[in-house]
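**Student:** Dropping a structure here in C-alpha cells format, bear with me for questions.
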C-alpha cells in the first residue's frame with residue numbers, strides 16, 4: 001500500500017466538502033496552499049466561477065483534477081427529457097475535458113421527478129434501461145474526446161431519487177456490457193460511503209481492476225446516521241474499515257487519487273481551515 | 001396471482017404497526033374482529049402480555065401466526081455475549097413454537113454495541129462470521145423442535161446497527177451453506193422495504209423458491225424518506241411496484257401470508273381503527 005503519511009500528492013478534495021463555506025476559487029486556493037495534489041469540483045460551483053477562469057486557476061496552481069462532479073440523471077418522463085439529459089451530459093463531458101479531469105463522475109439518476117418529491121413513475125426497471133441507453137450514447141461522445149466516464153453506484157437509500165445503480169456489481173455489469181474490451185473509456189467511482197456495507201465489495205473491486213477503477217472516494221459512515229444525505233462522517237469517526245478497503249483498491253491496481261468527499265451539515269458549519277486541516281490529518285493517519 | 005380483493009385470510013398484520021396505540025391483546029382482538037387471517041407479534045409485546053395468554057387468545061381467535069419477531073442479534077464483543085445471544089435465540093424458538101408461528105424471523109445483528117451508538121468493533125466480516133455460527137447453532141435446535149428460521153435481509157442503511165445481511169442473495173447463500181438440501185428448516189423473510197431497490201430482487205426470489213420463501217412483508221418506500229428507521233409508507237403511498245414484486249413471489253411458489261409491517265411515526269400517531277382499515281383497503285387494491 002502507498003504511504004500517505006508523507007506528502008499530499010495523492011490527496012484530492014471533492015469541493016462539495018467546503019461548498020457552504022467558500023466559493024470554488026477560494027477552495028482551490030486553500031488546497032493548493034496546503035500542497036494537496038488534486039481537487040474534484042462540482043458543476044454548479046464551476047459555473048458560478050466561470051469554466052475558463054477555474055481551468056486557468058487549476059492549471060496555474062499545478063493541481064490535478066481527480067474527477068468532475070457530475071454527469072448523469074439520464075431517466076426522464078418523455079422523449080424531450082431524455083434528449084435534454086443527453087445534451088447536458090455532452091456539455092458535462094466538454095467541461096470535464098476543459099478542466100483536464102481524470103473522469104466525469106456519473107450519478108445516473110432514477111425515477112423521473114423523484115428528486116423533486118413527485119415521482120412520475122415507479123418503474124425502476126425502465127429507469128435502468130434509460131440509464132443504460134443514456135450512458136451508451138454519452139460514452140460514444142466521451143470516447144471521441146478522450147474523457148473516461150465513471151459510474152458511481154450510490155447507496156441503496158438513494159435509489160429512488162438519485163441513482164438506480166446501487167452496487168459495484170451492477171455498475172461493473174453495465175461497464176462490461178458497454179465496453180467488453182475494458183478500454184478504460186468507462187469504469188466506476190468507488191465511494192466507501194455508498195459501498196462499505198456490500199458483502200461483495202472486495203470481490204467486485206478485484207473484478208474491476210485498474211482498467212475500471214477510475215476514482216476512489218472516502219469519508220466515513222456514522223453510527224447512528226441521522227440523515228439520508230447530509231450526515232457523512234470524517235474519516236475515523238465512523239465504522240468503515242478504511243485501510244482494509246484501500247488495501248483492496250490498491251491491490252486491484254488503482255494508483256489514482258484518494259478523494260475526500262464529505263456531505264455533512266456538521267462539517268459545513270465549521271471553518272474551512274479546520275475542515276481542511278482535519279481532512280489532511282485523518283488522511284495521513286486513518287485512510 | 002391470488003385475488004386479494006375478497007376475503008382477508010392471506011392478510012397478516014405485523015403488530016409493530018400498532019405498537020404505540022394498543023397493547024398486543026387489543027391488536028389481536030381488532031384483527032380478529034375484521035376477519036384478518038394472521039398476525040406476526042413482536043417479542044416484547046408478547047412478554048408484556050404473557051406468552052400463555054397470547055397463545056390462548058390467538059388460538060381462540062382462530063388466527064394464524066405468520067411469523068414471530070424476532071430472534072437474531074448474534075454478534076457480540078466477547079464469548080459470554082455470544083453465549084447469551086444463543087440462549088436467547090433458543091428461548092425465542094420456544095416462544096415461536098408456543099405461539100404456533102410459521103417461522104422465527106431473524107434480524108441477525110451486526111457490529112456489537114452499534115445499536116447503542118457505541119460500536120465495539122468495525123469488523124463487519126467478523127460480525128458476518130458470528131452470524132453464520134449463531135444461526136448454525138440455533139438451526140440445530142430449531143430443527144429439532146420444527147421451527148423454521150427466516151433470515152430477514154435488512155436495508156443496507158441498517159447494516160451497521162441491525163443486520164449485516166443486507167441482500168437476498170447474501171441471505172440465500174447462507175441458507176445454502178447451512179441447509180444444502182433445502183429442507184425448509186431455514187429460509188428468508190422478504191420485506192419489500194428492505195429489498196425493493198435490489199437489481200437482483202426478481203432473480204433471487206426465483207432462486208429462493210417455495211422452500212426458502214418463509215415470509216413476505218409489505219409496506220412502501222416514501223419519496224422522500226425522512227428517517228432511517230421510522231418513516232415507512234402505507235402501501236400505495238410510495239414507489240414500490242407492489243404487484244410486480246408479489247407476482248415474482250407467487251410465481252416462485254409462495255402461498256403464505258402477505259404481512260403488513262409499518263414502522264412509521266405518522267401511522268403510529270393515527271387511531272388504530274384508521275390504520276387497520278387503511279391497511280385492509282390498500283391490501284385489497286394495491287398490494
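**Student:** Say each of residue B:230 and residue B:7 gets a label point 7 Å from the Cα, pointing the same way as Cα to Cβ; how far apart are those two points in nm?
**Tutor:** Label at residue B:230, label at residue B:7, 3.7 nm between them.
**Student:** Output, in nm with one decimal and in ascending order, the distances from the residue A:140 label point to the matching label points of the other copies (7 Å from Cα along Cα-to-Cβ).
**Tutor:** Ordered by distance, the counterparts are at 6.2 nm.
**Student:** Given the options A:109, A:125, A:117, state which has the largest fluctuation in a GNM of chain A using a 10 Å cut-off (strictly under) for Cα springs.
**Tutor:** In this elastic network of chain A, the residue with the biggest mean-square fluctuation among A:109, A:125, A:117 is A:117.
**Student:** Then there's this: Ordered shortest first, which distances in nm separate the 7 Å Cα→C-beta label point of residue B:244 from those of the other copies?
**Tutor:** 3.5
**Student:** If you don't mind, there's one more thing I want to ask. Share of antiparallel DSSP beta bridges in chain A, in percent to the nearest 5?
**Tutor:** Numbers: 2 of 30 bridges.
The antiparallel fraction comes to roughly 5 percent.
**Student:** If you don't mind, there's one more thing I want to ask. Against the longest principal axis of chain A, how steep is helix A:51-60, in degrees 0 to 90 to the nearest 10, with axes from Cα atoms?
**Tutor:** Roughly 40 degrees between the two axes.
**Student:** Related question: Run the label-point distances for residue A:87 please: 7 Å along Cα to Cβ, every other copy, nanometres, shortest first.
**Tutor:** Label-point separations across copies, in nm and ascending: 7.1.
**Student:** How do A:54, A:108, A:286 line up, fewest other C-beta atoms within 10 Å first? Intermediate values should be presented prior to the final figure.
**Tutor:** Numbers: A:54 23, A:108 28, A:286 16.
Least crowded to most crowded, the residues run A:286, A:54, A:108.
**Student:** Report the antiparallel proportion of the DSSP beta bridges in the protein assembly as shown as a percent, rounded to a multiple of 5.
**Tutor:** Numbers: 4 of 60 bridges.
For the protein assembly as shown, the DSSP antiparallel bridge percentage is about 5.
**Student:** Let me ask something additional. Helix-only mean residue ellipticity at 222 nm, the protein assembly as shown, DSSP H runs n ≥ 4 weighted -39,500 (n - 2.57), per residue, nearest 500. What is it? Kindly include the intermediate steps, with their values, before the conclusion.
**Tutor:** Numbers: 22 runs with 250 residues, N = 574.
One gets -13500 deg cm²/dmol as the mean residue ellipticity at 222 nm.
**Student:** Could you tell me how many degrees, from 0 to 90 and to the nearest 10, lie between the Cα long axis of helix B:201-212 and the main elongation axis, the longest principal axis, of the Cα atoms of chain B?
**Tutor:** That works out to roughly 90 degrees.
**Student:** Tell me, A:87, A:59 in order of fewest to most beta-carbon neighbours within 10 Å?
**Tutor:** Working: A:87 9, A:59 12.
Sorted ascending by nearby Cβ count, the order is A:87, A:59.
**Student:** What angle, in degrees between 0 and 90 and rounded to the nearest 10, separates the Cα long axis of helix B:24-33 from the longest principal axis of the Cα atoms of chain B?
**Tutor:** Once rounded, one gets 40 degrees.
**Student:** Suppose the chain between residue B:84 and residue B:243 were pulled fully straight at 0.36 nm per residue; how much longer would it get relative to their current alpha carbon spacing? Could the numbers behind the result be given before it?
**Tutor:** Working: separation 159, 0.36 × 159 = 57.24 nm, distance 4.10 nm.
Length difference between fully extended and current span is 53.1 nm.
**Student:** Could you please rank B:149, B:63, placing first whichever residue has the fewest other Cβ atoms within 10 Å of its Cβ?
**Tutor:** Details: B:149 29, B:63 19.
If I rank by nearby Cβ atoms, fewest first, I get B:63, B:149.
Only the coordinates and a few stated rules stand behind these numbers; no lab work does. Computed from a prediction, not measured in an experiment: that's the story for all the values here. Backbone-built Cβ (ideal geometry, glycine too); neighbour counts: all protein chains shown.
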